[in-house]
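One structure is given here, and the rest of the page talks about it.
The values are calculated or read from the model by the stated rules, or taken from the named source; none is laboratory data. Keep in mind it's a predicted model, so treat the numbers as computed, not measured. Positions of Cβ are backbone-derived with ideal geometry, glycine not excepted, and every protein chain shown enters the neighbour counts.
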Amino acid sequence: MPTTFVSLVALVVLAFPGFVLHRRFRLRNPERERSTLDELLTIVFAGTAVDAAVAVIFVVGAVVFKLPLPRFDSLVSAPSAYVAQNVLATTAWAAAFLAAAIGLAFVLGSPRWPGLGDKITPGAMAGRRRRHPHQSAWWLLFHENPGSRIYVGCLLTDGGYVAGYLHSFSTLVTENGDRELTLEGDIEYRPPNGSAAVLSNVNAASVKADHIQLLTVTYVVPAAEAPVAGEEAGSDAE
């Protein structure tokens, strides 16, 4: 544990980028149970990798632009004394380093980062997703066609039916009845032994997993990406 202000600042600079990267990855991946030690080691190693990359960039940039670097030997041997003598320079370098490391971690953890690989080899990437052991059936279905809207139909255990566009869903890997998904748009509902109807003045609905016995998914391509009938006919004529 840090015992001085300098060591506390150093801990934040070194560990916070790993925390940012870890959180970004959690937002775009299925949620699964992990031990505290596993989480801590992931943050530490991710932060160390990001910090090392930024340190290399800073050193190269300082050499190219002939900027004075902090004395790392003095920081290691007598950190408090060195910081006290070079407060402004040390603070500026630490702030710049932390901002750059957090920015790099944020970019690396962005959902757009692996999207290039999906576009290059969509079949291979889809196959890898299906073989991944830490993904639920919901996650696989809802990520099968990136960029499309997802229309979900739920046949309920009581014989009813509800449908709408997917708004959100539980990212838990464990497939239990406590998971929920939410639907938005014009919500269609058919009670047991009744006729289907669009619920008026209803814009969203929540459905628990243990009430669903069959779930259907329709991938709706945005209108701007859909081929125009005239263009199809013209291309056939050619």
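Checked against (1) farther than 12 Å from residue 209 by Cα; (2) touching a helix residue (DSSP H, G or I) at 6+ places or on another chain (Cβ under 9 Å); (3) at pLDDT 85 or above, residue 180 passes all but a single condition, namely (1). Of everything listed in (1) part of a loop (DSSP other than H, G, I, E, B); (2) surrounded by 17 or more Cβ atoms within 10 Å (Cβ to Cβ); (3) modelled with pLDDT of 90 or more, the single unmet condition for residue 158 is (2). Annotation note: Cβ proximity below 9 Å between a residue of the stretch 87-98 that is under 16 Å from residue 62 (Cα atoms) and a residue that is among the hydroxyl-bearing types (Ser, Thr, Tyr) and at pLDDT below 85 (sequence gap 6+ or interchain) occurs for 90/82.
Please enumerate the residues belonging to the stretch 185-207 that are in a strand (DSSP E or B) and either of a type in the set (A, V, I, L, M, F, W, C) or exposed (fewer than 14 other Cβ atoms within 10 Å of the Cβ) (or both).
Correct list: 186, 187, 197, 198, 204, 205, 206, 207.
For beta carbons closer than 9 Å, sequence separation of 6+ or different chains, a first residue in the stretch 193-212 that is on the phi < 0 side of the Ramachandran plot and a second that is aromatic (Phe, Trp, Tyr), the qualifying pairs are 196/161; 196/189; 197/189; 198/189; 199/189; 202/189; 205/189; 209/138.
Surrounded by fewer than 15 Cβ atoms within 10 Å (Cβ to Cβ), among the aliphatic types (A, V, I, L, M), at negative phi and at pLDDT 80 or above: does that describe residue 137?
In short, yes.
Looking at (1) surrounded by 14 or more Cβ atoms within 10 Å (Cβ to Cβ); (2) modelled with pLDDT under 90, which is the one condition that is false for residue 54? Going through (1) surrounded by 14 or more Cβ atoms within 10 Å (Cβ to Cβ); (2) modelled with pLDDT under 90 one by one, residue 54 breaks only (2). Determine, yes or no, whether residue 95 is out of contact with any Gly (no Cβ under 9 Å at 6 or more places or on another chain), not charged (D, E, K, R) and not assigned by TED's automatic domain parsing to the domain that holds residue 138. Here the answer is yes, as residue 95 does meet what is asked. Scanning the stretch 31-43 for residues that are surrounded by fewer than 16 Cβ atoms within 10 Å (Cβ to Cβ) and either at pLDDT 85 or above or more than 20 Å from residue 14 (Cα to Cα) (or both) yields 31, 32, 33, 34, 35.
For the stretch 171-182, the criterion of a residue being surrounded by 12 or more Cβ atoms within 10 Å (Cβ to Cβ), without any contact (Cβ under 8 Å) to a residue 24 or more places away in the chain and among the acidic types (Asp, Glu) is satisfied by no position. Note on the stretch 66-123: residues that are modelled with pLDDT of 80 or more, in a helix (DSSP H, G or I) and loosely packed, with under 13 Cβ neighbours inside 10 Å total 11. For the stretch 151-165, the set of residues classified as among the hydroxyl-bearing types (Ser, Thr, Tyr) and in contact with a Leu (Cβ under 7 Å, 6 or more places away or on another chain) consists of 161, 165, listed by residue number.
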